[in-house]
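Bear in mind these aren't lab numbers, they're just calculated from the coordinates by the rules spelled out. All values reported here derive from a predicted model rather than from experimental measurement. No Cβ is skipped: glycine too gets one built from the backbone with ideal geometry, and neighbour counts run over all protein chains shown.
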Amino acid sequence: MNPTQDSEPIALKTALLGTKIADQTKLGWKAQLCLSYSDRGDKTVLKHRSQQGPLAIQRPLYPEGATCHTYLLHPPGGVVGGDTLNIKVTVEPFAQSLITTPGATKFYRSDSKYAHQKQILSVKNGARLEWLPQENIFFPNAYSRLDTEVHLEEGAQFVGWEMHCFGRPALKEGFELGHLIGKTEIYSEGKRVLVEGINFHGGDNLMINKGLLGRSMMGALYINEDNPKLFELVQSLLLSIVQSQTSDEHTVSNPSSGQQSLLLSVTQLEGLMVVRALGEWSEDILSAFTMVWQLVREHWTGSSPTAPRIWAT
């Protein structure tokens, strides 16, 4: 078998799908948000902001002092087929920014028409970006493409996560129809150190049973850190979270089988730590990821932050 010939159909299908998505989003609702943060000396300030369409931010907050907290807003409350959302964030040298969302991002059902969200995050030398959005919810029959690029300079600190909920488990509604495709890429000093892709067709039993292990949610948390001590601390924390969840009936999706709904693991890659989660409830994954984030921040700065107040509203 010729490996090149074997890969051609996949490459062709990917190219054709890319063209299809570009065509479908040409006339849709376009939204763009560009943010740039700089170090003023006493605190980080939002140096530049430009926006187009239904993407905005609240006034920056400073609950911790120097770190600039920003809440991303999408007033329509959801994304539909044909929409395009582009987000670009640049954190200049020695600036410190935390970005989150006040609620989940909902990708609504569509008539086989794709929406496209792209995020480009750049963290300069000595800067820190904490990218902590709440989960994406993919309604049945939603068609979406999600692409994220993270570019890190030498000495930059980054902790960020993505959480995906397929269907609406609270309503016992699965992701039986629809399509999610996309990839996450992380670059360190211009070198790509991670690329992860997803290609989930609704109702794909292989993905549901083997990829998600029957759960409705998946998440990944990325930390650009290569410290054996911190890795051991994260491992220990995840173990304690899983052990505490075992005694909590809320996390057991099938009491008769004893199947635990929350699964956590951590992997050390080249200069990058990746925490992965599978679960039934967004609250469980958000809680676990929050504790890891707080541990990492304490390792970096000596103090543990409190969770953004907007998460509790």
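Hull surface divided by four, with the convex hull built on the Cα atoms of the chain: how many nm²?
On the way: hull surface 70.2 nm².
Mean orientational projected area (the chain, Cα hull): 17.5 nm².
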message = Please list, in order along the stretch 288-304, the HN-Hα scalar couplings obtained from phi with the Karplus expression 6.51 cos²θ - 1.76 cosθ + 1.60 (θ = phi - 60°), rounded to whole Hz, x for Gly and Pro.
response = 5, 5, 4, 5, 5, 4, 5, 5, 5, 4, 5, 5, 6, 10, x, 9, 9
message = Taking 30 Å as the cut-off for C-alpha to C-alpha distance, list the pairs among Lys26/Lys106; Lys13/Lys47; Lys88/Lys191 that go past it.
response = Lys13/Lys47
task = Calculate I(q)/I(0) for the stretch 160-248 by the Debye formula, one identical point scatterer on each C-alpha and no solvent, and give its log10 at q = 0.13 Å⁻¹ to two decimals.
result = -0.64
inquiry  = For Leu55, what residues show an amide H to amide H distance below 5 Å, using hydrogens built from the backbone and excluding near sequence neighbours?
reply    = Gln32
request  = Just round it to a whole percent: the fraction of Cα-Cα distances in the stretch 1-82 exceeding 18 Å.
outcome  = 63 percent
request  = Place +1 on the Cβ of every Lys and Arg and -1 on the Cβ of every Asp and Glu in the stretch 12-312, take the dipole about the Cα centre, and give the residue among Leu221, Ala170, Ile285 whose Cα lies farthest towards its positive end.
outcome  = Ala170
query = Where nothing but the Cβ of Lys and Arg (+1) and of Asp and Glu (-1) is charged, how large is the charge dipole of the chain around its Cα centre, in debye to the nearest 20?
reply = 920 debye
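Find how much the distance from His201 to Lys47 grows on full extension, using 0.36 nm per residue of separation minus their present alpha carbon separation; answer in nm with one decimal. Before the final figure, lay out each step's value.
Working: separation 154, 0.36 × 154 = 55.44 nm, distance 4.08 nm.
Working it through step by step, the gained length comes to 51.4 nm.
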query = Along the principal axes of its C-alpha atoms, what lengths does the stretch 50-106 span, in descending order and rounded to whole Å?
reply = 39, 21, 15
note = Sorted by chain and then number, the residues having a modelled amide H within less than 5 Å of the amide H of Ala307, at least 5 places away or on another chain, are none
request  = Quick one: what are the phi-derived ³J(HN,Hα) couplings along the stretch 270-279, Karplus 6.51/-1.76/1.60 with θ = phi - 60°, whole Hz, x for glycine and proline?
outcome  = 5, x, 9, 9, 10, 9, 10, 9, 10, x
From phi via Karplus (6.51, -1.76, 1.60), per-residue ³J(HN,Hα) for the stretch 229-246 in Hz, x at Gly/Pro = 5, 5, 4, 5, 5, 5, 4, 5, 5, 4, 4, 5, 5, 4, 5, 5, 5, 4
